[in-house]
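The values are calculated or read from the model by the stated rules, or taken from the named source; none is laboratory data. Given the structure is predicted, the values throughout are model-derived calculations rather than measurements. Positions of Cβ are backbone-derived with ideal geometry, glycine not excepted, and every protein chain shown enters the neighbour counts. Only protein heavy atoms, including side chains, enter the accessible area calculation; ligands, DNA and RNA are left aside. Shrake-Rupley method; radii C 1.70, N 1.55, O 1.52, S 1.80 Å.
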Amino acid sequence: MRRWEKVPHDPHCSESCRLVQGSQRFVRKIVPEQPAQRVQTLVSSAGCSRYRAGLCWKPVRGCAQHANESGTAESLMLQGLCLLKETGDKGFLFFKPFPEGMDKKWNRNRSNTMQLNGSQIFVEVLCEQGVDTLFGYPGGAVLNLYDELYKNADRITHVLTAHEQGAAHAADGYARATGRTGVVLATSGPGATNLVTGIATAYMDSVPMVAFTGNVPTSSIGKDGFQEAYIEGITVPITKHNFTVRRVEDLADTMRAAFRIAQSGRKGPVLVDIPKDVTAAVCEFTPKQPEPIRTVTTYNEEQVHWAADLINAAQRPLVYFGGGVRSAASCQPLRDLLHKAEIPATYTLMAAGVVPYGDPMNLGMLGMHGCYTSNRAVAECDVLIAVGTRFSDRVALNPKTFAKNATIIQIDIDASELGKNVDVDLSIVGDAAYVLNAMLPQIKPAKHPEWMKLIQGWQAQDYHPVSDPTRLMPHQVIGEVCNQCGPEAVYVTDVGQHQMWAAQYLRHTKSRGFITSGGLGTMGFGYGAAIGAQMALGREQRVVMFTGDGSFHMNLNEACTAVSYELPIITVIFNNSVLGMVRQWQTSFYGKRYSQTDPHRKTDFVKLADGFGLKGYRCTNLPEFQAAFADALQQKGPTWIECIIDKDEKVLPMIPGGGDINDIIME
């Protein structure tokens with residue numbers, strides 16, 4: 001049971017925030033600085049990274065102590081009295097009573113009020129928040145909502161997927177391709193639980209998404225009714241915040257809060273569970289304008305000055321950036337920094353394209369399957385500037401030796417990430433765009449000829465696969481796709497060897513042009529995400545999805561969705577007939593004991609494509625692929641191109657977990 005508490009005003013209390021424990025959950029008590037009404041709050045539901053690591057007792061991601069400025073643990077007052085402090089300074093939330101004359105501003109003017117049922121409110125708030133596309137699958141608990149969506153089909157496009165997980169990945173892909181909030185709707189019970197993997201994928205990669213689920217009527221909750229599941233509790237660890245709406249009067253403001261939380265600070269998924277009786281009940285509804293997205297506009301100016309001094313004094317500086325740069329829309333300030341001070345840069349999987357392919361400052365990807373030059377540069381640099389990245393275990397493979405010769409500066413919007421995985425010398429909490437723009441004027445134009453000469457020498461040692469004219473090789477396929485698609489294509493991947501090949505060999509030029517599951521590594525992510533990206537960007541935008549036969553078997557059922565909506569997604573299937581990435585590890589570290597990585601499947605992807613109603617191709621050499629891809633570009637609907645590759649193809653280079661540049665495998 002959730003423990004609710006009223007918050008009395010105490011003018012003598014200096015605390016701005018207190019937490020009290022109640023049945024595995026925490027209720028935030030806000031003590032206002034000036035008199036205000038007594039209100040009750042909702043708990044922020046997801047555990048912060050330090051809590052999950054056992055370093056913090058508060059199960060709040062970006063809790064008040066560890067991420068005041070981050071906006072990642074927003075605890076909301078549904079009455080609208082408690083707001084995010086826009087400066088992000090000190091108190092995470094602040095209390096503000098309505099001044100005289102503010103009723104109109106806060107839509108307390110009842111002239112716009114109307115009587116609507118919950119389903120009508122649902123649609124009105126979606127439109128109010130700018131939602132034009134919704135992914136989902138109907139069911140009994142959401143029939144009222146779907147009936148209202150039917151009546152408003154001219155306002156909101158609903159995309160029916162083959163499976164709720166595909167819908168969640170589609171909402172995720174929509175968000176990654178545009179930066180807007182992706183929206184998914186599912187029914188109660190199995191419909192809701194089928195969203196879990198998609199929500200977790202968005203959570204790990206900080207993707208703004210709102211998931212709506214139906215549930216049994218409020219009077220039946222807890223009675224094990226048909227298709228009842230406690231989805232709020234199930235999703236606690238994988239959402240930025242979640243809600244169950246018990247009263248129709250709370251529905252509109254809860255939905256508004258969900259969209260606000262998803263986009264505020266460090267972005268992430270929010271779940272709203274709506275019992276069926278709430279969708280039918282009637283109450284007064286007042287339209288409101290959507291609130292502006294809040295981010296952290298403040299930072300410690302002294303720390304920024306120190307960082308600039310360290311960079312100006314560096315002889316071997318290096319920037320290491322991650323997906324947070326893309327989320328913060330800080331790509332250009334980062335590029336300006338690199339070129340002003342001649343600082344080479346390396347990136348994580350989530351940041352491919354932020355610095356374009358061919359930029360002289362772009363060293364390539366870092367980490368387990370990153371290039372030799374990037375990993376060597378991290379080992380040899382004297383100042384490392386980490387921006388919007390969390391030093392994951394696929395990058396900082398050995399935290400004790402990572403950048404051991406460098407002074408490390410870390411910039412991140414979420415204070416709970418600062419120094420979490422790797423000890424840093426200077427940490428700056430803030431939105432990367434604001435911090436970099438403040439830092440740029442303090443950076444002196446510079447050249448580092450000796451450092452760049454060293455890097456050029458290492459680049460000569462980078463791994464470059466050798467083409468074999470007798471067989472089809474991954475780098476050949478990806479190179480040909482780039483040749484025929486040009487720089488404007490958007491690429492989506494599943495997870496496995498093909499994902500790393502795509503990250504290594506694509507000529508990334510767009511900051512939102514590479515969509516992949518990084519943190520959770522979700523096999524089956526790709527097709528749903530490609531559908532979401534194509535729906536978001538329009539059918540004129542070229543979307544190419546790379547997958548392997550292992551990943552593709554997980555969610556290839558979404559082909560029927562691509563066919564139904566005539567989405568011209570080109571799917572390139574690297575078919576080696578094995579689970580390639582796991583098999584590669586078994587080859588290198590398990591004495592070639594191939595346990596359950598050869599599934600002996602006989603799937604004919606060309607015939608299967610025909611069964612779905614799309615065109616399929618099979619290629620065994622480069623000329624065949626060139627012809628097939630050129631033909632696929634002319635099709636109006638989806639296509640599959642199966643590429644037969646050798647089962648012993650490896651992703652190289654590779655640094656084993658726990659290793660460093662000295663352990664790199666190049667052959």
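Just give me the residues in the stretch 400-427 being in a strand (DSSP E or B) and either under 16 Å from G322 (Cα atoms) or of a type outside the set (A, V, I, L, M) (or both), in sequence order. Outline the logic, then answer.
Just the residues of the stretch 400-427 that are in a strand (DSSP E or B), to begin with: 407-412, 426-427.
Answer for the stretch 400-427, where residues must be in a strand (DSSP E or B) and either under 16 Å from G322 (Cα atoms) or of a type outside the set (A, V, I, L, M) (or both): T407, I408, I409, Q410, I411, D412, S427.
Residues that are open to solvent by 20 Å² or more (accessible area, probe 1.4 Å) and β-branched (V, I, T) were ranked within the stretch 177-219; the one that is farthest from P275 (Cα to Cα) is T178.
Selection of the stretch 213-251 for residues being among the hydrophobic types (A, V, I, L, M, F, W, C) and farther than 22 Å from A175 by Cβ yields V216, I221, F226, A229, V245, V248, L251. Evaluated against (1) in contact with a His (Cβ under 8 Å, 6 or more places away or on another chain); (2) surrounded by fewer than 22 Cβ atoms within 10 Å (Cβ to Cβ); (3) of a type in the set (A, V, I, L, M, F, W, C), A415 falls short on exactly one condition, (2).
Looking only at the stretch 621-643, residues that are buried (at least 17 other Cβ atoms within 10 Å of the Cβ), of a type in the set (A, V, I, L, M) and either within 30 Å of R593 (Cβ to Cβ) or touching a residue at least 40 places away in the same chain (Cβ under 8 Å) (or both) come to 3 in all.
Among the residues making up the stretch 348-404, a single one is at pLDDT below 95 and of a type in the set (F, W, Y): Y357. Taken over the stretch 261-282, residues that are open to solvent by 20 Å² or more (accessible area, probe 1.4 Å), assigned to a helix (DSSP H, G or I) and touching a strand residue (DSSP E or B) at 6+ places or on another chain (Cβ under 8 Å) amount to 2.
From the residues in the stretch 221-235 that are farther than 30 Å from A329 by Cβ and touching a residue at least 12 places away in the same chain (Cβ under 8 Å), which one is surrounded by the fewest Cβ atoms within 10 Å (Cβ to Cβ)? Break it down into steps so the answer makes sense when it comes.
Here is the first cut: in the stretch 221-235, the ones farther than 30 Å from A329 by Cβ are 221-234.
Of the ones still in play, those that are also touching a residue at least 12 places away in the same chain (Cβ under 8 Å) are 221, 226-229, 231-232, 234.
Numbers: I221: 16, F226: 10, Q227: 16, E228: 19, A229: 18, I231: 25, E232: 19, I234: 17.
The extreme case among them is F226.
Pairing residues of the stretch 524-550 that are modelled with pLDDT of 95 or more with residues that are crowded, with 24+ Cβ neighbours inside 10 Å and of a type in the set (F, W, Y), at Cβ distances under 6 Å and at least 6 apart in sequence or on separate chains, gives G532/Y174; A536/Y174; V544/Y491; G548/F574.
Considering the stretch 121-142, the residues that are in a helix (DSSP H, G or I) and touching a strand residue (DSSP E or B) at 6+ places or on another chain (Cβ under 8 Å) include one that is surrounded by the fewest Cβ atoms within 10 Å (Cβ to Cβ), namely G140.
If you check R246 against the conditions, is it part of a loop (DSSP other than H, G, I, E, B), in contact (Cβ under 8 Å) with a residue 60 or more places away in the chain and either open to solvent by 60 Å² or more (accessible area, probe 1.4 Å) or more than 16 Å from E128 (Cβ to Cβ) (or both)?
No; evaluated as a whole, the condition is false for this residue.
Checked against (1) in contact (Cβ under 8 Å) with a residue 60 or more places away in the chain; (2) touching a Pro at 6+ places or on another chain (Cβ under 8 Å), Y505 passes all but condition (1).
Residue count for the stretch 558-569 satisfying the condition of being part of a loop (DSSP other than H, G, I, E, B), open to solvent by less than 50 Å² (accessible area, probe 1.4 Å) and either touching a Gly at 6+ places or on another chain (Cβ under 8 Å) or not β-branched (V, I, T) (or both): 2.
For the stretch 501-555, name all the residues that are hydroxyl-bearing (S, T, Y) and over 26 Å from S577 (Cα atoms). Break it down stepwise before answering.
Here is the first cut: in the stretch 501-555, the residues hydroxyl-bearing (S, T, Y) are 505, 509, 511, 516-517, 522, 527, 547, 551.
If the condition is that a residue be hydroxyl-bearing (S, T, Y) and over 26 Å from S577 (Cα atoms), then T509, S511 are the ones that fit.
Only one of the numbered conditions (1) within 32 Å of the chain's Cα centre (by Cα); (2) not in a helix (DSSP H, G or I) is violated by M581, and that is (2).
The rows are residues; the columns are (1) of a type outside the set (F, W, Y); (2) under 22 Å from A503 (Cα atoms).
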residue: I570; (1), (2): yes, yes
residue: I573; (1), (2): yes, yes
residue: F605; (1), (2): no, no
residue: R618; (1), (2): yes, no
residue: P638; (1), (2): yes, no
residue: I664; (1), (2): yes, yes
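The criterion of being over 31 Å from the mean Cα position of the chain (by Cα), of a type in the set (V, I, T), surrounded by 13 or more Cβ atoms within 10 Å (Cβ to Cβ) and more than 30 Å from G538 (Cβ to Cβ) holds for T587. Just one of (1) crowded, with 24+ Cβ neighbours inside 10 Å; (2) under 27 Å from S392 (Cα atoms) fails for G513. It is (1).
Going by the conditions given, is Y203 part of a helix (DSSP H, G or I) and touching a residue at least 60 places away in the same chain (Cβ under 8 Å)? Spelling it out, Y203 is indeed part of a helix (DSSP H, G or I) and touching a residue at least 60 places away in the same chain (Cβ under 8 Å). Residue count for the stretch 149-173 under the criterion of being within 21 Å of V270 (Cβ to Cβ), assigned to a helix (DSSP H, G or I) and either open to solvent by 10 Å² or more (accessible area, probe 1.4 Å) or at pLDDT below 95 (or both): the result is 3.
Among the residues of the stretch 599-653, what is the count of those that are of a type in the set (S, T, N, Q), closer than 23 Å to E566 by Cβ and in a helix (DSSP H, G or I)? Please lay out each step first, then the result.
Here is the first cut: in the stretch 599-653, the ones of a type in the set (S, T, N, Q) are 603, 620-621, 626, 634-635, 639.
Of the ones still in play, those that are also closer than 23 Å to E566 by Cβ are 634-635, 639.
Adding the requirement that they be in a helix (DSSP H, G or I) leaves none.
The number of residues fulfilling the criteria is 0.
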